[in-house]
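Read through the structure below, which is laid out as structure tokens, and then see the notes.
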Amino acid sequence: MSAARQPIGVIGTGYVGLVTAAGFAELGSDVWCVDIDAAKIERLRAGEVPIYEPGLQEMLARNAERLHFSTSLSDALAHARLLFIAVGTPPTYSGDADLSAVNAVIDAIPPSKDHALVMKSTVPSGTGVAVKRMFDEQGKDGLGYVSCPEFLKEGSAIKDFMHPDRVVIGDVGDWAGDAVVELYAPLDAPLVRTDIASAEMVKLASNAFLATKISFINEIANVCEETGADVVEVARGMGLDDRIGPKFLQAGIGFGGSCFPKDVDALKQLAGNSGYHFQLLTSVIEVNELQKRRVIGKLHKHLGGLVGKRVALFGLAFKPNTDDMREASSLVLSARLNADGAAVVAYDPVAEEQARKLVSGIDFAGSPLEAAKDADAVVLVTEWPEFLELDWQLVAETMQGNLVIDGRNALDPDALRAAGLVYDGVGRGDRRRERRS
């Protein structure tokens with residue numbers, strides 16, 4: 001199979017780069033991976049994977065003979081015509097995407113009529129025009145360029161790569177676009193082949209819309225708390241409408257991660273730079289920030305203040321099945337709890353190492369029960385399966401208090417109440433309700 005597949009280069013061995021490399025190797029391509037971080041390259045050569053993603057280590061090991069790791073672009077240039085750019089584009093202080101790593105790659109690529117850059121990094125719509133201008137200014141007008149945004153969800157990225165709901169390719173109708181189409185053909189996914197600017201916008205618009213759904217249902221949850229309605233039931237009824245659908249209607253303490261906050265900010269800033277005030281996204285961002293802080297209000301209400309109280313955080317990562325702490329709700333919660341005088345202890349089955357780099361002033365526990373020991377309250381921050389399967393009677397016996405704030409509406413209220421705990425979810429109200437079967 002390998003002989004029939006074109007080799008590729010992947011520049012950047014972070015989350016997107018490694019999953020992309022592993023996926024194409026699984027499909028039979030030889031992949032030359034390049035990164036400026038020499039220590040990371042050595043770890044990858046030794047079979048160590050620097051990020052946590054279910055199934056990724058196994059896929060990399062299974063295709064080790066097809067995967068090549070280097071700090072030099074020359075290896076990728078010598079073996080592959082298509083060079084996938086998968087470097088970071090973090091937000092700047094202004095909210096714009098920082099394209100310095102992308103620009104560094106462009107500067108390092110020599111003039112060629114045989115190579116094309118394929119943009120996997122999330123970039124603002126209009127970046128393709130800027131890249132083409134840089135090509136012209138640097139005498140590299142022979143280089144091809146394709147926009148091919150990624151839609152990988154952390155925690156299910158391998159599945160998302162191998163079974164995508166769509167493949168978006170933006171190009172000018174040349175050999176490079178055709179070659180990328182051919183690479184993805186075995187996946188038999190719906191293909192959106194369009195112009196470069198539209199392909200760039202698809203990624204930003206998709207994430208902004210999903211973030212909007214989350215902020216919307218969180219607003220509904222807050223109204224439910226005032227009216228006595230249960231947001232879980234409301235979302236269930238809404239989701240059966242096929243115009244709405246059930247996905248991303250789970251109320252909670254807000255979204256985080258490397259994509260939604262950054263992409264919403266980037267699209268809002270892109271619109272502002274064009275002279276348009278994207279008012280809706282301003283509200284989406286505001287709702288998300290306030291949602292995290294509403295948990296603090298719940299704790300104050302139940303505990304009568306936080307000075308001297310011990311609060312256990314169950315989960316630190318921004319979502320289950322990842323160690324990603326970027327924009328995680330736990331960062332805001334731990335900081336606010338500390339500021340209000342609480343002692344904070346946290347447990348996460350995977351993300352502790354990453355969390356220690358970002359969080360100070362809290363203790364880390366080795367298990368949920370250790371975290372809950374003598375706690376006045378427990379807050380479910382990340383809905384890891386381990387927490388959903390806990391014996392809450394044991395948790396209740398371990399705690400000093402009896403309050404559980406379900407920040408993800410993932411726990412069974414009846415089971416917690418049966419254990420003698422006070423349950424408070426997001427938008428679920430305080431009173432028990434009989435449900436019709």
Can you tell me which of 308, 315, 304 is at positive phi and touching a Leu at 6+ places or on another chain (Cβ under 9 Å)? 315
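Results for (1) surrounded by 14 or more Cβ atoms within 10 Å (Cβ to Cβ); (2) within 24 Å of the chain's Cα centre (by Cα); (3) among the small types (Gly, Ala, Ser), shown as yes or no for each residue.
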site	(1), (2), (3)
42	no, no, no
51	yes, yes, no
65	no, no, no
77	yes, no, no
80	yes, no, yes
89	yes, yes, no
96	yes, yes, no
115	yes, no, no
122	yes, yes, no
Checked segment 183-215 for anything closer than 23 Å to residue 289 by Cα, touching a residue at least 12 places away in the same chain (Cβ under 8 Å) and not aliphatic (A, V, I, L, M); matches are 203, 206, 207, 212, 213, 215
Residue selected from segment 288-320 under the condition out of contact with any helix residue (DSSP H, G or I) (no Cβ under 9 Å at 6 or more places or on another chain) and touching a residue at least 40 places away in the same chain (Cβ under 8 Å), by the criterion nearest to residue 383 (Cα to Cα): 319
Filter segment 318-374 for residues that are surrounded by fewer than 23 Cβ atoms within 10 Å (Cβ to Cβ) and hydroxyl-bearing (Ser, Thr, Tyr); the one that is nearest to residue 421 (Cα to Cα) is 367
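With 330, 274, 334 as the choices, which residue is hydroxyl-bearing (Ser, Thr, Tyr), more than 30 Å from residue 400 (Cβ to Cβ) and in the same structural domain as residue 390 (by TED's automatic domain parsing)? Explain how you work it out, then say what you get.
Numbers: 330 fails: more than 30 Å from residue 400 (Cβ to Cβ); 334 fails: more than 30 Å from residue 400 (Cβ to Cβ).
The conditions single out 274.
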Residue pairs meeting the criteria (Cβ under 6 Å; at least 6 apart or on separate chains; first assigned by TED's automatic domain parsing to the domain that holds residue 335, in segment 366-391; second polar (S, T, N, Q)): 369/398; 372/398; 373/398; 374/400; 376/400; 381/329; 381/330
Hits in segment 275-287 (condition: in contact with a helix residue (DSSP H, G or I) (Cβ under 6 Å, 6 or more places away or on another chain) and not in a helix (DSSP H, G or I)): 278
Selected residue [of a type outside the set (D, E, K, R), part of a loop (DSSP other than H, G, I, E, B), closer than 27 Å to residue 269 by Cα and out of contact with any strand residue (DSSP E or B) (no Cβ under 7 Å at 6 or more places or on another chain)] from 358, 306, 290, 331: 358
Counting only residues that are among the acidic types (Asp, Glu) and touching a helix residue (DSSP H, G or I) at 6+ places or on another chain (Cβ under 7 Å), segment 341-374 contains a total of 1
Every residue in segment 348-396 that is of a type in the set (Asp, Glu) and in contact with a Lys or Arg (Cβ under 7 Å, 6 or more places away or on another chain), please. 374, 376, 383
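The values are calculated or read from the model by the stated rules, or taken from the named source; none is laboratory data. Everything quoted here is computed from the prediction, not taken from an experiment. Here the Cβ is made from the backbone with ideal geometry for all residues, glycine too, and neighbour counts use every protein chain on show.
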